[in-house]
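**Q** Could you have a look at this structure, given as structure tokens, before my questions?
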Amino acid sequence: MTDPLLRPLPADLRPETLALDAGLTINPATRTIQPDIAMSVNNLVTPGEGAFSAAGLGDIADEPYTYARWLNPTVRALETRLAALEGAEDALAAATGVAAIAGLFLTFLKAGDHLIISDVTYAGAAELARSILTDLGIEVTPVNLSRPEALRAALRPNTRLVHCETPCNPILRLTDLAEIATIAHAQGALVSVDSTLATPASTRPLSLGVDLVVHSLTKFINGHGDALGGAVAGRKELVARMRGRAGVYLGAAMSASNAWLILRGIDTFYPRMKQINDSAGRIARFLETHPAVERVIWPGLPSHPQYELARRQMDLPGGVIAFRTADPQAMARQLAHRLRVAHYAFSLGHQRSIVTLLDTEEMIEGTYRLSGEALEDYRRFAGDGLFRLSVGLEAAEDLIADLDQALTT
Ligand SMILES: Cc1ncc(COP(=O)(O)O)c(C=O)c1O
């Protein structure tokens, strides 16, 4: 859709500039240069224009902002900016990352279809696929997608979608997106990737052949821990299908106020990611030398088992570090008690550093249900439990000193 209020931009702007200017509209009445929040749920329509049933809604180019669950100007500004950052034709925003993932699954899969999903993904995606999609008659096969031969073996004539995550949460194992896309496309399946941990500052999955990129905007893209959001970006035709189905009927539309907060978060996205990645490198190298730490997993360390792939596929290694210690449960209690700068809490990608333990037994029993080789693969990264450290914007020296005193026994 070309919004008449959209400020025209020169071609070939760099991502750092697009993060500020893509999707920016100028209100002709006020001529303000910060985005407005359009809180209105509905806008005036001309009789005969638009459609009452969502089934009658067509291309958003032809539809005015009739009703905010379909399209809202502030949410649209965010979608335009996200599409620019991913190099996508279009994007659809949703209330949460999980809503974006659920919308993706419920748009492109139906009973009798087959989904291949990375056997380690964000827990919500894994549990949604295993418990809800299978109830709906969708066949689901979890596969370690860092092994292309495993994908080849799992593909079936009815495989419609291959969903991966790289680096995957929480073990930070990587997937070679170009290779996975080539294999899946040869079988006629779409490929989606949850790129929340990588972010567009690191990886541009669409340029590697992936069809749809998913984000939890709640994490690094908003970056301030104060708004939930999700998005899917890709070809116009695929995004339009999602908007017409899950976008409207799942009812998980993003609120205008959250879209505004996330737009403001994106203004500083690139400088934040640069500092976070610089600090993450210093902290990862420090943790490797700490006597209480048995293993550090970070895609920027030569000790990461897929370091070569990280260098090829990722411009930045990311702001999440995983590490292991002896007796992880006791260490979790110690960290929660002693940390003074970082916080012991769930989530990731905020301005404040966050640490949490992901206990292997709990993840395997509750979320992944892995066995055999898949379980061995998981344990090779996670051992009995993995601490996930999401690096924030504090001074790296302060974080290192804090972690040092909190980890020392
Ligand atoms: C990789 C990844 N994808 C998706 C989600 C879900 O996002 P949300 O909490 O915004 O629904 C998360 C949340 O932790 C995540 O880490």
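**Q** Would you check if Ile116 is over 17 Å from Met254 (Cβ atoms) and within 19 Å of the chain's Cα centre (by Cα)?
**A** yes
**Q** For region 304-330, which residues satisfy the criterion of being open to solvent by 30 Å² or more (accessible area, probe 1.4 Å), of a type outside the set (Asp, Glu) and more than 25 Å from the chain's Cα centre (by Cα)?
**A** Ala326, Gln329, Ala330
Yes or no, residue by residue, for (1) within 16 Å of the ligand (Cβ to nearest atom); (2) touching an Asp or Glu at 6+ places or on another chain (Cβ under 8 Å); (3) on the phi < 0 side of the Ramachandran plot:
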residue	(1), (2), (3)
Gln351	no, no, yes
Thr367	yes, yes, yes
Ala374	no, yes, yes
Ala382	yes, no, yes
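Matching residues to (1) open to solvent by less than 40 Å² (accessible area, probe 1.4 Å); (2) part of a helix (DSSP H, G or I); (3) polar (S, T, N, Q):
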site: Val210; (1), (2), (3): yes, no, no
site: His224; (1), (2), (3): no, no, no
site: Ala231; (1), (2), (3): yes, no, no
site: Glu237; (1), (2), (3): no, yes, no
site: Arg241; (1), (2), (3): no, yes, no
site: Gly247; (1), (2), (3): yes, yes, no
site: Gly251; (1), (2), (3): no, no, no
site: Ala259; (1), (2), (3): yes, yes, no
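**Q** For Pro200, all conditions in the list (1) under 21 Å from Arg369 (Cβ atoms); (2) touching a residue at least 12 places away in the same chain (Cβ under 8 Å) hold save one; what is the number of the exception?
**A** (1)
**Q** Name the residue that is nearest to the ligand (Cβ to nearest atom), counting only residues in region 148-159 that are touching a strand residue (DSSP E or B) at 6+ places or on another chain (Cβ under 9 Å) and open to solvent by 20 Å² or more (accessible area, probe 1.4 Å).
**A** Taking the candidates together, the pick is Ala150.
Each row is one residue, and each column tells you yes or no for (1) outside any loop (DSSP other than H, G, I, E, B); (2) within 14 Å of the ligand (Cβ to nearest atom); (3) within 28 Å of Glu361 (Cβ to Cβ).
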site: Gly103; (1), (2), (3): yes, yes, no
site: Leu161; (1), (2), (3): yes, no, no
site: Cys164; (1), (2), (3): yes, yes, yes
site: Cys168; (1), (2), (3): no, yes, yes
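**Q** Output the residues belonging to region 333-361 that are of a type in the set (A, V, I, L, M, F, W, C), open to solvent by 10 Å² or more (accessible area, probe 1.4 Å) and part of a helix (DSSP H, G or I).
**A** Passing the criteria: only Ala336.
**Q** Does Leu57 meet the test of being open to solvent by less than 60 Å² (accessible area, probe 1.4 Å) and at pLDDT 90 or above?
**A** Against the criterion (open to solvent by less than 60 Å² (accessible area, probe 1.4 Å) and at pLDDT 90 or above), Leu57 does not qualify.
**Q** Identify all residues within region 194-213 that are near the ligand (Cβ under 9 Å from one of its atoms) and either at pLDDT below 95 or in contact with a His (Cβ under 8 Å, 6 or more places away or on another chain) (or both); write none if there are none.
**A** Asp194, Ser195, Thr196
**Q** Scan Leu128, Leu145 and give me the residue that is assigned to a loop (DSSP other than H, G, I, E, B) and either within 16 Å of the ligand (Cβ to nearest atom) or in contact (Cβ under 8 Å) with a residue 60 or more places away in the chain (or both).
**A** So the residue among Leu128, Leu145 that is assigned to a loop (DSSP other than H, G, I, E, B) and either within 16 Å of the ligand (Cβ to nearest atom) or in contact (Cβ under 8 Å) with a residue 60 or more places away in the chain (or both) is Leu145.
The values are calculated or read from the model by the stated rules, or taken from the named source; none is laboratory data. Nothing here was measured: the structure is a model prediction, and the numbers come from that model. Cβ atoms come from the backbone with ideal geometry, glycine included; neighbour counts cover every protein chain shown. These accessible areas exclude ligands, DNA and RNA; they are computed on the full protein's heavy atoms, side chains included. Shrake-Rupley method; radii C 1.70, N 1.55, O 1.52, S 1.80 Å.
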